[in-house]
Amino acid sequence: MSKVRIYTLAKDLGVENQKMLEILDGLGVSYKSVSSTIEEDTVELIKQILEEEGSAPAETAAAQATAPEQASEEKAPAQAEPGQPEAEAQAAEEAPAKEIPHRAPVVTIMGHVDHGKTSLLDYIRKTRVAAKEAGGITQHVGAFEAKTSKGKIVFIDTPGHEAFTTIRARGANVADVAIIVIAADDSLMPQTREAIAHAQAAKVPMIVAINKVDLPQANPEKVKQDLTQLNLVPEEYGGDLVVVPVSAKTGEGVEDLLEYISLTAELEDLRADPKGNFSGVIIEGKVDKQAGVLATVMVQEGTLHVGDFLVVGESYGKIKAMTDSNGGRIKEAGPSTPVQILGFSEVPHSGEKVLSAKNEHAARDIVAQRASDRREEEDARERRKAQRSLADLLGPLGETRTVNLVLRADTQGSLEAIQGILARKETDDVKLNVMLAGIGAPTEGDVLLASTAEAQILCFSVTPSGAVTKVAENKGIEIKAYRIIYEMIDEVDRLIKGNLEPVFEEQYLGRAEVRMVIRHPKSGNIAGSYITDGMFKRNAKAKVTRGKEVVYEGTVVGLKRFKDDVREVQQGYECGINLDWNDVMEGDIIEASEMVEVEQA
């Protein structure tokens, strides 16, 4: 029996994907996404349901056809005496106008060097880019609008070379969908794993494009099997990862890739209000010899106009000119539009947030406030630096917490051994998530990943370079290196213990008999007592029993031996016990206890 993909069926029947998923939910049919397949008998059942629903729309259409005639006949009375139904109708007409419109998806293409990222993007937008770049390797990030058969899609071409890992992470954070390009003849490589880790840290939907399937040595099945080792299971293997075989040379599968991007965007329900307050992100900044400082900005909310004042970090500028991705001058730009702006006095940093200000005075006020906040944060960071520990990585108590780790080792064997031990260290309360595991010294990309995902970097038999150590210090990331594997495991044990919510139990300390009540003008009534068993400690929990009834539960706020304040009194000694409770009587029995943390296995 043949199977049909959900989105294909929805397209054939002229139904929205969301509507199709609602019907499947009503039928109790399980699926992972709109690209999942369903049986032919289910298809027939869906067609019957849509046919039954089709009669109702037909009747509705007939009613709407007669509505204008009735409206013209009753027009005068309705105008003379407006009522609540008319108000409701007016509100219904205004509601769609107020609905926030959809925006184009922003897509980033990531992967290993020479796996065909630029060539794939090149084929989609039908212009040559690689020829302009040194050695065919993308040297800087570019954002481009592509008019496809599925509508406008904005692509961010994020470099795959390891030297530009910092830009790659920023590209993933800006994007709505991440395309991971993997060569069918090369499979997973170090930069591929890093790209996947960055996309996962940014929590954006991933689509894997297996490129170069036109080559004779291409082996797409090996790529899919290697992906499962990273817990990324393709849909055809029963998982939820969309994998599309493509060829940037022949164009094979590119249309399917665009279809999946549009489907993902539809499910994400991407919306932005062009009339709202402007916000955007810096894609890149550079200094042009003729024009001056140029900044590429991705508009995320609102609309940007020439003449607007923008604030980036601790600098501001006025837009003198804007150009679109094709190099044409424009006066305004709406959501999901990459534009190049002329007007900043300083080169902004990639990934910085961009906000608009009403005028120059407002822009200066925002910059001054940010500078003040930065200085306060730096002072606070210095104060916390000495106290910072692994406990800073904890989430809120009372729930399962995840500890993110970046591992580096000297050999593959060491790396596998460490991962095997870590897998056995997980508990029900604490999960260990190895975001990236690689061979060799940690890189600046590892530090960036650790800072964005709040991860801990652990190294075995490798040490970071001075440049990487400096970057880590600037970002407040601690890199811990070990020569003995068990020392690293001990550190992980301490990390797990720090993430566990402490468990306390009440432990018995001692018992005392009240033999005299001493009236004190400042402290109230003091219980002159004799310790019959155990010991008493200051600040211990206290329970007062009178006969068989517990009359008070509180705290031992003070202990005295003669006139001296003491911390504890042992069995066989007399003392004065201050309970901060004035109703104590001779003959009362006081029991002391304390809460002790229980060591967890």
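Scanning the stretch 197-228 for residues that are in a loop (DSSP other than H, G, I, E, B), open to solvent by 30 Å² or more (accessible area, probe 1.4 Å) and either under 22 Å from Leu267 (Cα atoms) or at pLDDT below 90 (or both) gives Lys203, Pro205. If you scan the stretch 558-581, which residues turn out to be assigned to a loop (DSSP other than H, G, I, E, B) and either open to solvent by less than 80 Å² (accessible area, probe 1.4 Å) or farther than 20 Å from Tyr508 by Cβ (or both)? Once the filter is applied, which keeps residues that are assigned to a loop (DSSP other than H, G, I, E, B) and either open to solvent by less than 80 Å² (accessible area, probe 1.4 Å) or farther than 20 Å from Tyr508 by Cβ (or both), the stretch 558-581 yields Phe562, Lys563, Val566, Gly572, Leu579, Asp580, Trp581. Only one residue in Glu255, Glu332, Glu259, Glu266 is in contact with a helix residue (DSSP H, G or I) (Cβ under 8 Å, 6 or more places away or on another chain) and open to solvent by 60 Å² or more (accessible area, probe 1.4 Å), so which one is that? On inspection, the qualifying residue turns out to be Glu266. Here Leu415 meets the list (1) in contact with a strand residue (DSSP E or B) (Cβ under 7 Å, 6 or more places away or on another chain); (2) at pLDDT below 80; (3) assigned to a helix (DSSP H, G or I) almost entirely, failing just condition (2). Checking each residue in the stretch 227-241 for being of a type outside the set (Gly, Ala, Ser) and touching a helix residue (DSSP H, G or I) at 6+ places or on another chain (Cβ under 9 Å) picks out Leu227, Thr228, Leu230, Leu232, Val233, Pro234, Glu236, Tyr237, Leu241.
Wholly within the stretch 423-538, which helices (runs of 4 or more DSSP H) include no fewer than the required count, namely at least 3 residues that are exposed (fewer than 15 other Cβ atoms within 10 Å of the Cβ)?
Numbers: elements: 444-453, 466-475, 485-499.
The qualifying helices (runs of 4 or more DSSP H) are 466-475, 485-499.
A count restricted to the stretch 254-294 and to residues that are hydrophobic (A, V, I, L, M, F, W, C), modelled with pLDDT of 85 or more and either out of contact with any strand residue (DSSP E or B) (no Cβ under 7 Å at 6 or more places or on another chain) or under 24 Å from Ser119 (Cβ atoms) (or both) stands at 6. Filtered by the rule that a residue be under 32 Å from the mean Cα position of the chain (by Cα), β-branched (Val, Ile, Thr) and not in a loop (DSSP other than H, G, I, E, B), the stretch 330-347 gives Thr337, Val339, Ile341.
Given Asp256, Asp269, Asp214, which one is within 19 Å of the chain's Cα centre (by Cα) and of a type in the set (Asp, Glu)? After ruling out the rest, the residue left standing is Asp269. When the residues of the stretch 352-368 are filtered to those that are under 20 Å from Gln300 (Cα atoms), in contact with a Gly (Cβ under 9 Å, 6 or more places away or on another chain) and of a type outside the set (Lys, Arg), the one that is surrounded by the fewest Cβ atoms within 10 Å (Cβ to Cβ) is Leu355. Scanning the stretch 237-252 for residues that are within 27 Å of the chain's Cα centre (by Cα) and surrounded by fewer than 20 Cβ atoms within 10 Å (Cβ to Cβ) returns Tyr237, Gly238, Gly239, Asp240. Taken over the stretch 1-38, the criterion of being open to solvent by 70 Å² or more (accessible area, probe 1.4 Å), touching a residue at least 60 places away in the same chain (Cβ under 8 Å) and touching an Asp or Glu at 6+ places or on another chain (Cβ under 7 Å) is satisfied by Lys32 alone. Check whether at least one residue in the stretch 456-463 is in contact with a Leu (Cβ under 6 Å, 6 or more places away or on another chain) and modelled with pLDDT of 85 or more, and report yes or no. Checked against the condition, which is being in contact with a Leu (Cβ under 6 Å, 6 or more places away or on another chain) and modelled with pLDDT of 85 or more, the stretch 456-463 yields at least one hit. Across the stretch 451-487, the number of residues qualifying as closer than 12 Å to Leu407 by Cα and touching a Lys or Arg at 6+ places or on another chain (Cβ under 8 Å) comes to 7.
Residues of the stretch 512-561 that are touching a residue at least 60 places away in the same chain (Cβ under 8 Å) and within 57 Å of the chain's Cα centre (by Cα): Ala512 alone. Going by the conditions given, is Glu586 on the phi < 0 side of the Ramachandran plot, assigned to a strand (DSSP E or B) and open to solvent by 80 Å² or more (accessible area, probe 1.4 Å)? Judged against the criteria, Glu586 is not a match.
Out of the residues in the stretch 539-549 that are within 13 Å of Met585 (Cα to Cα) and in a strand (DSSP E or B), state the one that is most open to solvent (accessible area, probe 1.4 Å). By that ranking, first place goes to Arg546. Tell me whether the stretch 563-586 contains one or more residues that are among the polar types (S, T, N, Q) and without any contact (Cβ under 8 Å) to a residue 40 or more places away in the chain. For the stretch 563-586, residues among the polar types (S, T, N, Q) and without any contact (Cβ under 8 Å) to a residue 40 or more places away in the chain: present. Scan the stretch 163-175 and tell me whether some residue there is among the charged types (D, E, K, R) and either surrounded by fewer than 23 Cβ atoms within 10 Å (Cβ to Cβ) or modelled with pLDDT of 85 or more (or both). So far as the stretch 163-175 goes, no, none of its residues is among the charged types (D, E, K, R) and either surrounded by fewer than 23 Cβ atoms within 10 Å (Cβ to Cβ) or modelled with pLDDT of 85 or more (or both).
Against the definition (closer than 19 Å to Leu263 by Cα and among the charged types (D, E, K, R)), how does Asp240 come out, yes or no? Taking the combined requirement at face value, the residue satisfies it. Scan the stretch 424-459 for residues that are out of contact with any His (no Cβ under 7 Å at 6 or more places or on another chain) and over 13 Å from Val492 (Cα atoms) and report the count. Looking only at that region, the number is 21. Applying the criterion of being within 26 Å of Ala368 (Cβ to Cβ) and open to solvent by 40 Å² or more (accessible area, probe 1.4 Å) to the residues of the stretch 309-329, the residue that is farthest from the chain's Cα centre (by Cα) is Lys320.
The values are calculated or read from the model by the stated rules, or taken from the named source; none is laboratory data. Only a predicted model underlies this, so the values are computations on that prediction, with no experimental measurement involved. Every residue, glycine among them, receives a Cβ derived from its backbone with ideal geometry; neighbour counts consider all protein chains shown. Just the protein is used for accessible areas: all its heavy atoms, side chains included, with ligands, DNA and RNA removed. Shrake-Rupley method; radii C 1.70, N 1.55, O 1.52, S 1.80 Å.
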